[in-house]
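S.K.: Sharing a structure with you now.
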Amino acid sequence: MAFLTRKSFIGLAAAGAVALSMAPAKAEQFINVLTGGQSGVYYPLGVGLSKIYAEKIPDVRTQVQSTKASVENLNLLQQGKGEIGFALGDSVKLAVEGDAEAGFKAPLDKLRGIAAIYPNFIQIVASKESGIKTLADLKGKRVSVGAAKSGTELNARKIFETAGMSYDDFEKTEYLPFAESVELIKNRQLDATLQSAGLGVASIKDLATSVDIQMVAVPEDIASQLGAPYVAETIPAGTYAGQEGDVQTVAVVNFLITNSDVPDEIAYEMTKQLFENLPELEAAHNAAAKIKLENALSGMPLPVHPGAEKYYAEKGMK
């Protein structure tokens, strides 16, 4: 029987340690969450989602990127510069089609669906002193329609067109993010802004606590003319300070989108952790209260990522 001397044992142990140190470490997966402006709803939800992923998915590192929202997010996903992003349903549809006017130079063929989430409400708000009460009253006024070629601005363009109006009807058209639009209304440099966001968006809450506001309705007949992916909705009374009654409007469903290069196991985990941690996401913003597993595939305008499909199959969904 052979015995190891102390010297040879130490040598073998050292060799083993070197071998272990040279073993390849498990690659860390990076998840960049593409959101929107910091005064909107995408950003706080993205922060909440990033936190969930960092805590619940092994070997991942997360980051939240503030962007110009839907259109930019979809283009970044196509380029592989993000793993998951928020986008409006109509923007996703135009991206798949390659609508150049909407900001997509060619069809974005790498986009894949994760889930339908909550509806974006079209919220048109004016200062009370502007005298604006209806869509028609916006004519001759100074209006912000959202950042140029953002999902919000695409919504604005479509709604005004359906109402028989265009940007030429305004005295001045500004293409500004939510917070900047609100600041200009406070300073009496703008009369109104259209914002496409979840209910209780921080920018309009801020405006309503600073000046008297008037929420402007989008009539139900406009909703019926618009058709899918738009649906008639109501902004409940009391959503914002000084809003005494319900306000008719339209809404568009938001989606979480990924790209085809994201590994199946990561797409699976991103989908699973989204639905299994909804209370934490709702704590980030109450818009998440509208996210339901049973609606996850409703109106999906593009193929679902195989990793997400696996999760839905486990839940008995097709």
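The values are calculated or read from the model by the stated rules, or taken from the named source; none is laboratory data. Since the model is a prediction, treat every value here as computed from it, not as a measurement. Because the Cβ atoms are built from the backbone with ideal geometry, glycine has one as well, and the counts that use them run over all protein chains shown.
S.K.: Return yes or no: is L154 in a helix (DSSP H, G or I), outside the structural domain of L278 (by TED's automatic domain parsing) and closer than 29 Å to A267 by Cα?
M.R.: Yes, satisfied.
S.K.: Could I ask something else about it? Being surrounded by fewer than 24 Cβ atoms within 10 Å (Cβ to Cβ) and more than 30 Å from G227 (Cβ to Cβ) narrows it down to one residue among K93, K81, K68; which is it? So that I can check it myself, show each step before the final result.
M.R.: On the way: K93 fails: more than 30 Å from G227 (Cβ to Cβ); K68 fails: more than 30 Å from G227 (Cβ to Cβ).
After applying the criteria, what remains is K81.
S.K.: Here is a further query. In the set L256, L194, L207, which member is more than 19 Å from the chain's Cα centre (by Cα) and in contact (Cβ under 8 Å) with a residue 60 or more places away in the chain?
M.R.: L207
S.K.: Every residue in the range 186-210 that is in contact with a strand residue (DSSP E or B) (Cβ under 9 Å, 6 or more places away or on another chain), surrounded by fewer than 19 Cβ atoms within 10 Å (Cβ to Cβ), on the phi < 0 side of the Ramachandran plot and assigned to a loop (DSSP other than H, G, I, E, B), please.
M.R.: Within the range 186-210, just Q189 meets the criteria.
S.K.: Then there's this: Give the number of residues within the range 51-66 that are acidic (D, E) and in a helix (DSSP H, G or I).
M.R.: Qualifying residue count for the region: 1.
S.K.: Could I ask something else about it? Only residues that are modelled with pLDDT of 95 or more and in a loop (DSSP other than H, G, I, E, B): list them for the range 68-98, please.
M.R.: Of everything in the range 68-98, those that are modelled with pLDDT of 95 or more and in a loop (DSSP other than H, G, I, E, B) turn out to be Q79, G80, K81, G82, E83, G98.
S.K.: Looking at (1) under 18 Å from A69 (Cβ atoms); (2) part of a strand (DSSP E or B), which one does R112 not meet, given that it meets all the others?
M.R.: (1)
S.K.: Under 9 Å by Cβ, and 6 or more places apart or on different chains, what pairs join a residue from the range 78-95 that is assigned by TED's automatic domain parsing to the domain that holds I114 and closer than 26 Å to A251 by Cα with one that is in a helix (DSSP H, G or I) and of a type in the set (K, R)?
M.R.: That search, which allows pairs on different chains as well, returns D90/K158.
S.K.: Here are the criteria: (1) assigned by TED's automatic domain parsing to the domain that holds P58; (2) surrounded by fewer than 20 Cβ atoms within 10 Å (Cβ to Cβ); (3) hydroxyl-bearing (S, T, Y). Tell me which single one T258 does not satisfy.
M.R.: For T258, the failing item is (2).
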